[in-house]
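Let me begin by presenting the structure, written as structure tokens, before commenting on it.
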Amino acid sequence: MAGLPFPVDPEDPLALARGQSLAGLLDLLERLDGAEEAAVVRSALSAGVSESRVIDELQREVERRLARVRDPGDDW
């Protein structure tokens, strides 16, 4: 978690997804075994889907994945 531009609560499994930019969320998604989904997001942006809508959906997907795989002992 070092190097993040904001404080992260180690007790909150979704904290890594909060406050992230589009690029940050895409990076997290890829790190959470979501490379194919990240490609879909990039395609949606290229097709003209608004960035705000993409970020909302991306945020939910990253949070869903974090909630599923995050363990309090993990060292992200």
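Derivation of every value follows stated rules applied to the coordinates shown; laboratory data play no part. Remember, predicted model here, so these are calculated numbers, not experimental data. Neighbour counts are summed over all protein chains in view; Cβ atoms, including those assigned to glycine, are modelled from backbone coordinates with ideal geometry.
A few notes on this one:
- Largest-first ellipsoid semi-axes for the stretch 15-69, taking √(5λ) over the Cα gyration tensor eigenvalues, angstrom: 18, 12, 8
- Loop-located trypsin sites (Lys or Arg not before Pro) in the stretch 15-45, at most 16 other Cβ atoms within 10 Å (DSSP): Arg18
- Counting 0.36 nm for each residue step from Arg18 to Ser52 and taking away their Cα separation leaves a gain of 10.8 nm.
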